[in-house]
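J.: Let me begin by handing over the structure; questions about it come next.
Laboratory data are not the source of any read-out in this text; all were calculated from the coordinates shown. In this text, all values refer to a predicted model and were calculated from it rather than measured experimentally. Using ideal geometry, Cβ is built from the backbone for each residue, glycine included, and neighbour counts are taken over all protein chains shown.
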Amino acid sequence: MVRQLEENEDLLISKILRALKDRGATNAGDIVNLTGLPRYYVLAAFQVLHELGYVELIYSKGSHKVYRISNKGTEFLENSYSQEVQREKAEAES
């Protein structure tokens, strides 16, 4: 069950990073609209992703913040995609 929760978290984080990569520089509200995730989740995810170096804060005025994906975030997406493909292959072979 813990593994399933971790996989779900990875999928949600990947969903946010993919939307950010596709959109370029954007704010949390745009990501909420693109992904359908709750605003509180996206805001919290941006804070954590920024602290971990997966996204870069490029503009901040008051509560309005604009982020873009970092190189580290792009690498995470590439690794995440590779793992997803490997998992699907293993399931297909079973």
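J.: How far apart, in nanometres, would the label points at I58 and Y40 be if each is projected 7 angstrom from Cα along the Cα-to-Cβ direction?
T.: 3.0 nm
J.: Principal axis extents for the range 1-75, Cα atoms only, whole Å, descending order, please.
T.: Each principal axis gives a Cα extent; for the range 1-75 these are 41, 25, 21 Å.
J.: While we're looking at this one, here's another question. Please compute the modelled spin-label separation between A92 and T74, points set 7 Å along Cα→Cβ, answer in nm with one decimal.
T.: Output for this residue pair reads 2.8 nm.
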